[in-house]
Amino acid sequence: MHVPKNVFCSCRRGVAVLLVISNATWSLPVGGATAMAHEIRLPAETAVLRTSELPGYTIALQKCGICHSADYVNLQPPHMSLLQWTAEMAKMQHAYGAPIDETEIKLLGIYLTTTYGDATTVSGVDSGTPASTTSASGEYTKVDVQAVLANNACLACHGLQQKIVGPAYHDVATRYKSDAKAQAAVGANIRAGGSGKWGAAAMPPFPNLSPTELRALAEFVLTQ
């Protein structure tokens with residue numbers, strides 16, 4: 001019998017009892033007997049991650065809570081170095097299947113070391129914070145588009161040249177090629193999300209993105 005994550009199984013008097021940590025309750029009979037379902041309700045989450053302007057903080061908010069409480073970070077030994085925190089993130093990926101890639105491992109390691117560990121070990125390391133750049137339109141921004149794409153998992157649904165769940169960015173650029181208000185329209189679509197423009201698949205909204213980030217993302221999409 002395969003027991004999914006967060007399900008604990010025990011047998012008493014020939015009856016399999018499953019304790020399910022979720023809103024759903026169910027049980028499996030053994031030898032024709034029927035077991036009563038038991039439900040465990042966990043207390044509300046109170047632990048929060050320490051805030052930071054580092055890109056790794058956003059990744060931590062999106063990814064770490066998938067598998068464990070934020071309090072798990074507080075339980076780690078203090079003064080861990082960048083090497084130790086990065087190794088811990090790599091373990092999460094390889095041993096536990098955490099949905100983080102190599103770039104995210106690096107950024108998470110820097111964030112966790114800076115806010116929870118020995119920040120001196122981060123000295124001289126590229127933290128991934130955005131540098132000032134000049135956009136194609138001549139506007140100065142402080143947006144690292146690649147970081148925004150990674151932090152919001154944009155490329156999980158959109159390829160640059162090929163459709164995945166949503167349209168390829170090249171196809172979006174082609175559709176809006178002659179639209180004088182293309183940048184504003186694409187930015188608004190990113191912020192609001194929705195469905196129907198490119199098929200039935202729904203795109204989630206991204207109200208967390210700043211106007212500068214939306215302009216930079218829209219410009220990036222329209223140049224593909």
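The values are calculated or read from the model by the stated rules, or taken from the named source; none is laboratory data. None of these values were measured; they are calculated from a predicted model. Quick reminder, even Gly has a Cβ in these numbers, built from the backbone with ideal geometry, and neighbours come from all protein chains shown. All accessible areas refer to the heavy atoms of the entire protein, side chains included, with ligands and DNA or RNA removed. Shrake-Rupley method; radii C 1.70, N 1.55, O 1.52, S 1.80 Å.
Taking (1) open to solvent by less than 70 Å² (accessible area, probe 1.4 Å); (2) at pLDDT below 85; (3) within 20 Å of the chain's Cα centre (by Cα) in turn, Gly193 satisfies each apart from (2).
Pairs under 8 Å by beta carbon, first residue in contact (Cβ under 8 Å) with a residue 40 or more places away in the chain and over 18 Å from Val145 (Cα atoms) in the range 94-111, partner assigned to a loop (DSSP other than H, G, I, E, B) and of a type in the set (A, V, I, L, M, F, W, C), six or more apart or different chains? Matching pairs, first to second residue: Ile110/Leu54; Ile110/Val125; Tyr111/Leu54.
Against the test of being modelled with pLDDT of 90 or more and under 20 Å from Ala156 (Cα atoms), the options Leu107, Leu61, Leu49, Leu112 yield a single qualifying residue, Leu107. Let me spell it out: the conditions are (1) in contact (Cβ under 8 Å) with a residue 60 or more places away in the chain; (2) touching a Phe, Trp or Tyr at 6+ places or on another chain (Cβ under 6 Å); (3) open to solvent by less than 50 Å² (accessible area, probe 1.4 Å), and Leu160 meets all of them except one. Which number is the exception? All conditions pass for Leu160, except number (3).
Within the range 140-165, can you find the residues that are touching a helix residue (DSSP H, G or I) at 6+ places or on another chain (Cβ under 9 Å) and small (Gly, Ala, Ser)?
If the condition is that a residue be touching a helix residue (DSSP H, G or I) at 6+ places or on another chain (Cβ under 9 Å) and small (Gly, Ala, Ser), then Ala147, Ala150, Ala153, Gly159 are the ones that fit.
Of the residues making up the range 68-95, just one is closer than 20 Å to Ala156 by Cα and open to solvent by 70 Å² or more (accessible area, probe 1.4 Å), namely His94. Among the residues of the range 60-88, the ones that are of a type outside the set (S, T, N, Q), within 14 Å of the chain's Cα centre (by Cα) and outside any loop (DSSP other than H, G, I, E, B) come to 6 in all.
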